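Novice: Mind having a look at this structure? Questions to follow.
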Amino acid sequence: MYNFDFVKPSTIAEATAALAAEGAQAISGGQTLTPTLKQRLAQPAVLVSLTGIAEMKGVCLGDGGLSVGAATPHAVVAAEAAKHYPALAALAGGIGDPAVRNRGTIGGSIANNDPSACYPAAVLGSGATVITNRRRIAADDYFTGLFSTALDEGEIVTEVRFPIPQKAAYVKFNQPASRFALTGVFVAKYADGVRVAVTGASNGGVFRWSEAEAALSRNFSPAALDGLSVDAADMIHDLHGTPAYRANLVKVLTKRAVAAAG
Ligand SMILES: Cc1cc2nc3c(=O)[nH]c(=O)nc-3n(C[C@H](O)[C@H](O)[C@H](O)COP(=O)(O)OP(=O)(O)OC[C@H]3O[C@@H](n4cnc5c(N)ncnc54)[C@H](O)[C@@H]3O)c2cc1C
């Protein structure tokens, strides 16, 4: 490690001011950032912890759906979202291991936008709204590519608001060592149509499978996907799976998610 300053504000306004300092960076659960610091892949001059900000924590039901504070750990979402949005709670409960779930946060997850992370699939698959210290961003505009988002310098995610679907499920094929998604699919059925978001598969990061959405909006059953296939051209190729393998997983997991959603 190396020397840096550490501040722990208690309000969003204080955090925003602290992040305006030269070389300042937010830290939430530290599950991604701490190893990055240890390897000196990032060397911020000031770390601004978001974990002491009460207004960024917790899960509550409001007019716009289920509101999740960005500094809420996965374990708390798993427990507190279960009543109103079981698919989201199950996704949170399946992330990593107990240590990761008790420290890692939804804000850190979607700010990092790892191509194999689970939360981006829920946020995009639910058509959620990402609320920051500056604006509101629709999920469709938020994820801009591998490890890349619409967030600007010094902008922090403060809350994510999820419209609650009629039915939903997330199914992931675990990478057994980390439990990240080798591929994962989130399916959500709303009154005006179905959304399907895929993580862990594409070189472009999380994406919506629009052909599946159209087919499932007509007929919400696994059989509706029979004639469809996913183009393997831009799928991730690594030691865990080929592009063709991942393309096949997308279809298999989408069918399973539809079946699980009922
Ligand atoms: C062993 C292991 C297994 C894991 N398995 C899974 C898994 O199965 N599925 C999954 O989805 N994830 C998994 N993760 C990731 C984990 O769940 C965390 O969500 C992730 O590491 C980032 O969250 P964090 O709160 O720790 O962020 P941090 O590490 O604190 O920050 C990550 C990045 O986001 C920025 N940041 C943090 N919070 C905010 C904010 N509110 N606004 C703007 N920027 C912010 C930081 O500056 C930093 O750049 C795993 C991680 C580990 C270490």
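Novice: Please go through segment 54-73 and give me each residue that is surrounded by 23 or more Cβ atoms within 10 Å (Cβ to Cβ), touching a residue at least 60 places away in the same chain (Cβ under 8 Å) and either within 12 Å of the ligand (Cβ to nearest atom) or assigned to a helix (DSSP H, G or I) (or both), ordered by number.
Specialist: 56, 68, 69, 70
Novice: For residue 114, state whether it is more than 19 Å from residue 16 (Cβ to Cβ) and without any contact (Cβ under 8 Å) to a residue 24 or more places away in the chain.
Specialist: no
Novice: Which one is nearest to residue 28 (Cα to Cα) among residues in segment 103-142 that are within 13 Å of the ligand (Cβ to nearest atom) and assigned to a strand (DSSP E or B)?
Specialist: So the residue we want is 105.
Novice: If you don't mind, there's one more thing I want to ask. Residues being touching a Leu at 6+ places or on another chain (Cβ under 9 Å) and over 23 Å from residue 144 (Cα atoms): count how many of those fall in segment 193-221.
Specialist: The total comes to 3.
Novice: If we only count strands (runs of 3 or more DSSP E) wholly inside segment 156-262, which ones have 1 or more residues that are more than 16 Å from the ligand (Cβ to nearest atom) and at pLDDT 95 or above?
Specialist: Per the criteria, 167-174, 181-190, 193-199.
Novice: Is it the case that residue 76 is of a type in the set (Val, Ile, Thr), outside the structural domain of residue 44 (by TED's automatic domain parsing), more than 28 Å from residue 210 (Cβ to Cβ) and within 14 Å of the ligand (Cβ to nearest atom)?
Specialist: Working: of a type in the set (Val, Ile, Thr): yes; outside the structural domain of residue 44 (by TED's automatic domain parsing): yes; more than 28 Å from residue 210 (Cβ to Cβ): yes; within 14 Å of the ligand (Cβ to nearest atom): yes.
Considered against the rule, which asks whether it is of a type in the set (Val, Ile, Thr), outside the structural domain of residue 44 (by TED's automatic domain parsing), more than 28 Å from residue 210 (Cβ to Cβ) and within 14 Å of the ligand (Cβ to nearest atom), residue 76 comes out as yes.
Novice: For residue 89, indicate whether it is surrounded by fewer than 19 Cβ atoms within 10 Å (Cβ to Cβ), touching a helix residue (DSSP H, G or I) at 6+ places or on another chain (Cβ under 8 Å) and without any contact (Cβ under 8 Å) to a residue 40 or more places away in the chain. Before the answer, list the steps.
Specialist: Numbers: surrounded by fewer than 19 Cβ atoms within 10 Å (Cβ to Cβ): no; touching a helix residue (DSSP H, G or I) at 6+ places or on another chain (Cβ under 8 Å): yes; without any contact (Cβ under 8 Å) to a residue 40 or more places away in the chain: yes.
It is false that residue 89 is surrounded by fewer than 19 Cβ atoms within 10 Å (Cβ to Cβ), touching a helix residue (DSSP H, G or I) at 6+ places or on another chain (Cβ under 8 Å) and without any contact (Cβ under 8 Å) to a residue 40 or more places away in the chain.
Novice: Would you check which residues across segment 145-167 are more than 11 Å from the chain's Cα centre (by Cα) and touching a residue at least 60 places away in the same chain (Cβ under 8 Å) and list them? Please lay out each step first, then the result.
Specialist: Our first condition is that a residue be more than 11 Å from the chain's Cα centre (by Cα); within segment 145-167, this holds for 145-159, 161-167.
Residues satisfying the conditions are 145, 154, 156, 157, 158, 159, 161, 162, 163, 164, 165, 167.
Novice: Still on this structure: Which of the following residues is within 11 Å of the ligand (Cβ to nearest atom) and surrounded by 15 or more Cβ atoms within 10 Å (Cβ to Cβ): 7, 100?
Specialist: Values: 7 fails: within 11 Å of the ligand (Cβ to nearest atom).
Within the list 7, 100, the selection yields 100.
Novice: Would you check if residue 148 is of a type outside the set (Lys, Arg), more than 10 Å from the ligand (Cβ to nearest atom) and farther than 23 Å from residue 90 by Cα? Even if it seems obvious, please write down each step before you answer.
Specialist: Details: of a type outside the set (Lys, Arg): yes; more than 10 Å from the ligand (Cβ to nearest atom): yes; farther than 23 Å from residue 90 by Cα: yes.
For residue 148, the condition - of a type outside the set (Lys, Arg), more than 10 Å from the ligand (Cβ to nearest atom) and farther than 23 Å from residue 90 by Cα - is met.
Novice: Being part of a helix (DSSP H, G or I) and more than 30 Å from residue 196 (Cβ to Cβ) narrows it down to one of 35, 9, 44, so name that one. If you could, list the steps in order and put the result at the bottom.
Specialist: Details: 9 fails: part of a helix (DSSP H, G or I); 44 fails: part of a helix (DSSP H, G or I).
Among 35, 9, 44, only 35 is part of a helix (DSSP H, G or I) and more than 30 Å from residue 196 (Cβ to Cβ).
The values are calculated or read from the model by the stated rules, or taken from the named source; none is laboratory data. Computed from a predicted structure; not experimentally measured. All Cβ positions, glycine included, derive from the backbone under ideal geometry; neighbour counts span all protein chains shown.
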